[in-house]
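First, the structure itself, so that you have it in front of you.
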Amino acid sequence: MPVTRRQALISVGAFAAASALPLDGQTQVVSFDATNAQSSVEPVCLTDFEPLAKAKMQPMAWEYVNAGAADEITVRWNKEAYQRIRLKPHVLVDVSHLDTRVSLFGQEQAFPILLAPAAAQKLVHPDGELGTVRGAAAAHATMVLSSFSTTRLEDVSAAAKSPLWLQLYAQTDHGFARELVQRAQTAGYRALCLTVDAAVTGPRNRETRANVKLPPMPDPEVVKGADPALTWKDVEWLRSFAKIPLLLKGVLNPEDAERALNAGVAGIIVSNHGGRNFDTIPATIDALPRVVEKVAGRVPLLVDGGIRRGTDVLKALAFGASAVLIGRPYLYGLGAAGEAGVTKVLNILQHELQLAMALTGRTNIASIDRSVIWS
Ligand SMILES: Cc1cc2nc3c(=O)[nH]c(=O)nc-3n(C[C@H](O)[C@H](O)[C@H](O)COP(=O)(O)O)c2cc1C
C-alpha cells in the first residue's frame with residue numbers, strides 16, 4: 001500500500017522518538033513492556049507515561065509521586081511557566097550533526113539531562129533504585145540517588161554503569177553525615193547535592209490524605225529527618241572534608257546563591273523541590289534568570305521542576321542553566337515499566353531536545369543562548 005509523505009513522516013518521527021538514539025556511535029534499542037497497563041497506546045511523550053504508571057501503581061504510591069505542598073500551586077506553576085515561554089525558530093542552518101554533550105565538574109554527560117533525587121523508589125516499583133540506575137545507564141544519564149533510598153547506596157553503585165551523584169539531607173548527627181559522605185566517596189559517587197529547601201517538612205496535604213507511609217530504609221539513621229538548625233556553617237563543614245564537588249539543591253533566592261558561593265559550593269541546583277515543600281514560591285524557570293545574574297558564571301547552575309518537554313530543556317539552557325534534572329517523569333516511567341520505562345522517558349526527552357536544537361538552528365549546547373527565546 002502506498003504511504004503518503006505525511007504518513008511516512010509520522011512513522012519516522014514516532015520511531016525515532018520511541019525507540020533508539022545514536023550515541024557514541026552506538027544504537028541502543030529500548031524494549032518497553034507496559035502490557036499489563038490499562039492503556040494499549042505506546043507512549044510518545046513524557047506525559048503519556050502518567051496513565052500507564054497510574055494503572056500499575058498502588059494508589060498510595062501514585063499519590064506520593066504526584067503530591068505537592070498545600071494547594072499544589074507551585075507544582076502547577078513549574079509546568080505553566082515553561083508553556084508561557086515562546087521559542088524563536090531559525091531556518092536553513094546545517095543541523096545534520098548535533099552535539100548534545102556537556103561537561104559538568106569534569107564529568108562528560110551525553111545530554112544535559114540528569115535524574116533528580118527521589119526518595120523511596122521501591123514504593124513506585126519493586127526494583128526501586130536499581131531499576132532507575134539501570135534505566136539511566138541505558139540512556140547514558142547520571143542519576144542522583146536520594147539519601148532516603150530504599151536500596152543501600154553501595155548496592156546502587158554496584159549496579160551502576162553511568163555516573164552517580166548522592167543527595168544528602170543535613171543530619172543532626174555530624175558523625176553519621178561524615179560517614180555517609182565517606183561511604184559515598186568509597187562507592188564511587190562523583191558529586192554531593194545537599195538539599196537545603198526542606199529545613200522543615202511542608203504541609204503535604206495530599207500525602208496526609210492518602211496516608212502515605214514510606215517503606216523501611218536500609219540506613220534508618222538517615223530518615224531522622226532534616227535538621228531545622230542547619231546553617232551556612234554546616235555547609236562549610238561538609239565542604240571542608242568532602243573530596244567530591246558539593247552542590248546545594250533548593251536555592252531560588254539570588255541572595256542565598258551569593259551566600260552559597262561564599263561557602264565554597266561547586267554548583268547550585270535551582271529547585272523548589274518540585275513544589276513539594278513550600279507552596280506559592282515561584283516556578284524555577286522564573287527564578288533562574290535572577291540567580292544566573294547573581295552567580296555570573298562563577299559556578300554551574302542546574303535547574304529542575306516542571307520539565308516535561310525537550311523544548312523545556314532548551315529554554316532552561318537558554319536562560320543559563322548548564323543542565324536540568326527531571327523528577328516525576330522518570331518515576332512515572334519506572335512505575336509503568338521498570339528500568340525500560342526510565343530509559344524510554346530519557347530517550348524521548350533527549351530526542352525532543354535534539355529536535356528543539358535543530359529547529360532553533362543550534363548544533364551544540366554551548367550555542368544555546370537567550371537568542372532562541374522569542375522576546
Ligand atoms: C516522589 C518524589 C520524591 C522526592 N524525594 C526527594 C528527595 O529525597 N530529596 C530531594 O532533594 N528531592 C526530592 N524530590 C524532589 C526532586 O529531586 C526534584 O526536585 C523534583 O521532583 C523536580 O520536579 P519535577 O518532579 O517536576 O521534575 C522528590 C520528588 C518526588 C516527586
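The values are calculated or read from the model by the stated rules, or taken from the named source; none is laboratory data. A quick note: this is a predicted structure, and the numbers were derived from the prediction, not measured. Using ideal geometry, Cβ is built from the backbone for each residue, glycine included, and neighbour counts are taken over all protein chains shown.
In region 95-108, is there at least one residue being among the charged types (D, E, K, R), surrounded by fewer than 20 Cβ atoms within 10 Å (Cβ to Cβ) and within 15 Å of the ligand (Cβ to nearest atom)?
Within region 95-108 (the criterion being among the charged types (D, E, K, R), surrounded by fewer than 20 Cβ atoms within 10 Å (Cβ to Cβ) and within 15 Å of the ligand (Cβ to nearest atom)), the answer is no, since none of the residues qualifies.
Looking at region 325-337, can you tell me whether even one residue there is under 21 Å from Gly131 (Cα atoms), away from the ligand (no atom under 13 Å from the Cβ) and either modelled with pLDDT of 95 or more or part of a helix (DSSP H, G or I) (or both)?
yes
Would you pick out the residues in region 215-244 that are acidic (Asp, Glu) and either on the phi > 0 side of the Ramachandran plot or part of a loop (DSSP other than H, G, I, E, B) (or both)? Break it down stepwise before answering.
Taking region 215-244 first, the residues acidic (Asp, Glu) are 219, 221, 227, 234, 236.
Selection gives Asp219, Asp227.
Please enumerate the residues belonging to region 116-157 that are more than 15 Å from the ligand (Cβ to nearest atom), small (Gly, Ala, Ser), outside any loop (DSSP other than H, G, I, E, B) and under 18 Å from Gly338 (Cβ atoms).
Correct list: Gly135, Ala137, Ala138.
Ok, one more. What's the number of the condition Thr47 fails, among (1) under 18 Å from Glu352 (Cα atoms); (2) not in a helix (DSSP H, G or I)?
Unmet for Thr47, out of (1) under 18 Å from Glu352 (Cα atoms); (2) not in a helix (DSSP H, G or I): (2).
Look at Gln185 and say whether it is away from the ligand (no atom under 15 Å from the Cβ) and either surrounded by fewer than 19 Cβ atoms within 10 Å (Cβ to Cβ) or modelled with pLDDT under 95 (or both).
Values: away from the ligand (no atom under 15 Å from the Cβ): yes; either surrounded by fewer than 19 Cβ atoms within 10 Å (Cβ to Cβ) or modelled with pLDDT under 95 (or both): yes.
It is true that Gln185 is away from the ligand (no atom under 15 Å from the Cβ) and either surrounded by fewer than 19 Cβ atoms within 10 Å (Cβ to Cβ) or modelled with pLDDT under 95 (or both).
Might you check whether a residue that is under 23 Å from His125 (Cα atoms), more than 22 Å from the chain's Cα centre (by Cα) and touching a residue at least 12 places away in the same chain (Cβ under 8 Å) occurs anywhere in region 219-233? Walk me through it before giving the result.
To start, the set of residues in region 219-233 that are under 23 Å from His125 (Cα atoms) comprises 219-220, 222-223.
Those left that are additionally more than 22 Å from the chain's Cα centre (by Cα): 219-220.
Within this subset, residues satisfying the condition of being touching a residue at least 12 places away in the same chain (Cβ under 8 Å) are 219.
Yes, region 219-233 contains a residue that is under 23 Å from His125 (Cα atoms), more than 22 Å from the chain's Cα centre (by Cα) and touching a residue at least 12 places away in the same chain (Cβ under 8 Å).
Next question, about the same structure. Do any residues in region 305-319 that are more than 23 Å from Asn66 (Cβ to Cβ) have Cβ atoms under 6 Å from those of residues that are near the ligand (Cβ under 8 Å from one of its atoms) and in a helix (DSSP H, G or I), where the two are at least six apart or on different chains, and which pairs are they?
Qualifying pairs under 6 Å: none.
Return the only residue of Ile307, Ile281 being within 16 Å of the ligand (Cβ to nearest atom), outside any helix (DSSP H, G or I) and in contact with a strand residue (DSSP E or B) (Cβ under 7 Å, 6 or more places away or on another chain).
Ile307
Note down all Cβ pairs under 7 Å where the first residue falls in region 63-77 and is in contact (Cβ under 8 Å) with a residue 24 or more places away in the chain and in a loop (DSSP other than H, G, I, E, B), the second is of a type in the set (D, E, K, R) and near the ligand (Cβ under 10 Å from one of its atoms), and they're at least six residues apart or on different chains.
Ala67/Glu207; Ala67/Arg276; Gly68/Arg276; Ala69/Arg276
Moving to a separate point now. Residues to consider are Lys54, Lys79; find the one that is surrounded by 19 or more Cβ atoms within 10 Å (Cβ to Cβ) and within 16 Å of the ligand (Cβ to nearest atom).
Lys54
A follow-up question, please. Name the residues in region 156-192 that are in contact (Cβ under 8 Å) with a residue 40 or more places away in the chain and among the acidic types (Asp, Glu), would you?
Asp173
While we're looking at this one, here's another question. I'd like to know if region 200-213 contains one or more residues that are more than 30 Å from Ala70 (Cβ to Cβ), away from the ligand (no atom under 13 Å from the Cβ), in a loop (DSSP other than H, G, I, E, B) and not hydrophobic (A, V, I, L, M, F, W, C).
no
Working only within region 254-272, note down all residues that are surrounded by fewer than 23 Cβ atoms within 10 Å (Cβ to Cβ) and either more than 16 Å from the ligand (Cβ to nearest atom) or in a helix (DSSP H, G or I) (or both).
Answer for region 254-272, where residues must be surrounded by fewer than 23 Cβ atoms within 10 Å (Cβ to Cβ) and either more than 16 Å from the ligand (Cβ to nearest atom) or in a helix (DSSP H, G or I) (or both): Pro254, Glu255, Asp256, Glu258, Arg259, Leu261, Asn262, Ala263, Gly264, Ala266.
Hey, any hits in region 285-294 for a residue that's at pLDDT 95 or above and in a loop (DSSP other than H, G, I, E, B)? Give the derivation first.
Let us first name the residues in region 285-294 that are at pLDDT 95 or above, namely 285-294.
If we keep only those that are in a loop (DSSP other than H, G, I, E, B) too, we end up with none.
Among the residues of region 285-294, not one is at pLDDT 95 or above and in a loop (DSSP other than H, G, I, E, B), which makes the answer no.
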